[in-house]
Protein chains: 2
Amino acid sequence: MIIDCHGHFTTVPASFRDWRARQVEFANDPAGAPPLADARIADDDIREAIGNGQLRLQKERGSDLTLFSPIAGLMSHHLGNERTSLEWAEVSNNLVRRVCDLFPDNFAPVCQLPQSPSAPPKNAVPELRRCVEDLGFVGCNLNPDPSGGYWTGKPMTDREWYPVYEALCELDVPAMIHVASSCNPCFHGTGAHYINADTAVFMQLLQGDLFKDFPTLRLVIPHGGGAVPYHWGRYRGMSLEVANRPLEGLLDNIFFDTCVYHHPGVELLTKVVPTSNVMFGSEMIGAVRGRDPATGEYFDDTKRYIDACEALDDADRHAIFEGNVRRVYPRLDRQLKARGL
Amino acid sequence: MIIDCHGHFTTVPASFRDWRARQVEFANDPAGAPPLADARIADDDIREAIGNGQLRLQKERGSDLTLFSPIAGLMSHHLGNERTSLEWAEVSNNLVRRVCDLFPDNFAPVCQLPQSPSAPPKNAVPELRRCVEDLGFVGCNLNPDPSGGYWTGKPMTDREWYPVYEALCELDVPAMIHVASSCNPCFHGTGAHYINADTAVFMQLLQGDLFKDFPTLRLVIPHGGGAVPYHWGRYRGMSLEVANRPLEGLLDNIFFDTCVYHHPGVELLTKVVPTSNVMFGSEMIGAVRGRDPATGEYFDDTKRYIDACEALDDADRHAIFEGNVRRVYPRLDRQLKARGL
């Protein structure tokens, strides 16, 4: 079984994006805000958006199941206010739940959280609980910078984040560390802010001692870990010097996906990071949607790059494509087992 | 000849750091500020700091010459004000000039600029001119984020930077894009801010069209290009989609050093980036000063990693160790030729 741990509903119908734009426009004037009912997408429109998008590419590329969450860029926690963030998270998560109900063999749900630069992280816990306990979600995306590229909040090792980690541990679900869009003109969203957030948070975790307080917490650093595996020697050295522990001491709790869009990058990732910490991911129909003119293949068809890593044996491939994600997302594993998988 | 394109005077005597601390403390009270004369380091103290530091490691590791600039972290353009930034740049650059006068065979000078978050970049041009025209400097470090980690300024493609580029082109010197320390608790300096700045600026250049206006401008992205080579496929794809040009269209103007502290990273760098765009650099006695317990070797001995890249032939090695840096820094080339090298 081949599980893609990183997918977003990037192909939502335009009406859904329009609803969000109006919601933000009237964030401080609820009387003019669009009614919730207008955010509703018909089943047929969901089927079309998914069927012509992620589902088609799943089949073409040979994967079976995608961990599916709302569009990351559109989480935009820096827009609106805490109330609109909550409403938008509920609407977006409910839509993802419906995608998974329509295509239960192909998608498993991961939620966005109602974060806001003006609200403490703990305020996101009730929506996390609703999604996991009531709706069967198996994980969440946690934004380390709700300011959208100005990084005015606190590092993720700060105690203000602890209520979120307590809930994650109690619910036994991991969080993927994932920013939303950037409103800072210095940072392109998918070309800089995404990658930089991955690197910055990894370094926060390296500096701190979070996993002493939360030994079972599991965090996924997407986009191949940002710059981290490329600079693995730098981080190995800094971990010894800054934190007086080998970098490997973090690897019970930190995992990387394979959203690296060329073979040499995936080869480096699987060479320097232990196989037990790498999970297949593509974030397909995301940052780079085109084909490489040199090969004719899609840049974001990352399965192809893993397939071409000759140093991986069958056990490695099973771990990367299925085993690790079932271990890191135990609620997914239980759902699959209940289906005899 | 083996030229290290990336070195800082990180081993300055403590009295020099102390002078800077007092200068910042009294930034708005010049009457209490430390006298300039107190920043003076004796020749013997310079000889000791260099002789036991960068010069010793140059000899041990087998390189010949280092492009040498003031400590990057200590540039701290976010501290003090425009006046103290100018004074500090002058003092620091004069000290680097003296290092190069004491060890003319081993070091060539690169300057810091008197940037400040409250001042337009053009205000840095007179000090750039003084260093290059009067003092024989061959390049400069240009800070893309004088705010020290909050990125409140404009992207480097903005026209406010143009006076700096005009001067760089006229003087025919390159700039290394190099941030100073971070005052943002979300970003560790050398573990996140450095690497993220490299990635962010590369993406700014990809999005923009700066080199149409400055076809001879040469910018060096240090630390192996941040995350860029690891995500080369992402940037190849984005260049086509965002800018409608192949990524290779940037490579007349952008160069990467080899400050990547393990062999697999340097191997990836030299595999995906054309050899003509890679320059040997180590930033020794910098972010990672220790030895790899697995090998007993220094993490920042990057020459060793290049030596171990089997795919490089003699012409590649000559380009990486000498040829490219003499081409990118023509004033260095002329100085070396004048010495018969």
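The values are calculated or read from the model by the stated rules, or taken from the named source; none is laboratory data. This is a predicted model, so every value here is computed, not measured. A quick note on method: Cβ atoms are made from the backbone with ideal geometry, for glycine too, and the neighbour counts reach across all protein chains shown. For the accessible areas, the whole protein counts, side chains as well, though only heavy atoms, and no ligand, DNA or RNA atoms are used. Shrake-Rupley method; radii C 1.70, N 1.55, O 1.52, S 1.80 Å.
Observations on the structure shown:
- Rounded to the nearest 5, the antiparallel percentage of DSSP beta bridges internal to the protein assembly as shown is 5%.
- On the basis of the beta-carbon distance and an R0 of 25 Å, residue B:42 and residue B:289 show a calculated FRET efficiency of 0.50.
- Each chain gives up part of its surface: B and A jointly bury about 4600 Å² of accessible area, both sides summed, for a 1.4 Å probe.
- Listed by chain and number, the lysines whose alpha-carbon sits under 21 Å from that of residue B:212, ignoring those within fewer than 8 places in the same chain, are B:122, B:154.
- Bridgeable lysines around residue A:271 (alpha carbons under 20 Å apart, same-chain partners fewer than 8 residues away excluded): A:303, B:271.
- Hz values of 3J(HN,Hα) by residue in the range B:141-153 - Karplus curve (6.51, -1.76, 1.60), Gly and Pro given as x: 9, 10, 8, x, 9, x, 6, x, x, 9, 6, 8, x
- For the segment B:292-299, counting C-beta atoms of other chains within 10 Å of every residue's C-beta and taking the mean gives 2.
- Dipole magnitude for the protein assembly as shown: computed about the Cα centre from +1 point charges on Lys and Arg Cβ and -1 point charges on Asp and Glu Cβ, it is near 140 debye.
- Comparing the full protein assembly with the isolated chain, the residues of the range B:149-186 losing at least 30 square angstrom of accessible surface (1.4 Å probe) are B:150, B:151, B:155, B:185, B:186.
- Reduced Cα scattering model of the range A:208-290, Debye log10 I(q)/I(0), q = 0.18, 0.19, 0.24 Å⁻¹: -0.79, -0.86, -1.21
- Hull volume in cubic angstrom per residue (convex hull over the Cα atoms of the range B:143-261): 105
- For chain B, Kirkwood radius (reciprocal of mean inverse C-alpha pair distance, Å): 20.2
- Relative compactness, the range B:16-61, computed as alpha-carbon Rg over 2.2 N^0.38 Å: 1.60
- Normalised contact order of the range A:121-279, rounded percent, pairs of Cα under 8 Å and 6 or more residues apart: 20
- Evaluated over the range B:289-329, the Cα radius of gyration and Dmax, each in Å: 12.9, 37
- Under the convention that each Lys and Arg Cβ holds +1 and each Asp and Glu Cβ holds -1, the size of the dipole of chain B around its Cα centre is about 160 debye.
- Full extension of the segment from residue B:252 to residue B:314, taken as 0.36 nm per residue of separation minus the current Cα-Cα distance, would add 20.1 nm.
- Its DSSP H runs of at least 4 residues, each contributing -39,500 (n - 2.57), put the calculated 222 nm mean residue ellipticity of chain B at -11000 deg cm²/dmol, to the nearest 500.
- Straight-distance candidates among the aspartates and glutamates for linking to residue A:59, with alpha-carbon spacing under 13 Å and chain neighbours fewer than 8 residues away dropped: A:4, A:105, A:301.
- In the range B:1-143, the alpha-carbon atoms span a convex hull of 101 Å³ per residue.
- Amide H contacts for residue A:298 (H built 1.01 Å from N in the peptide plane; partners 5 or more residues away or on another chain; cut-off under 5 Å): A:292.
- Nearest-first distances (nm) between copies at residue B:291, label 7 Å from Cα via Cβ: 5.3
- Gap separating the Cα centres of the range B:267-336 and the range B:1-29, nearest whole Å: 25
- Residue-normalised accessible area of the range B:65-123, given per residue in Å² at a 1.4 Å probe: 29
- Alpha-carbon centroid distance for the pair the range A:197-240 / the range B:220-264, whole angstrom: 23
- Mean accessible surface per residue for the range A:169-301, computed with a 1.4 Å probe while every protein chain stays in place, in Å²: 26
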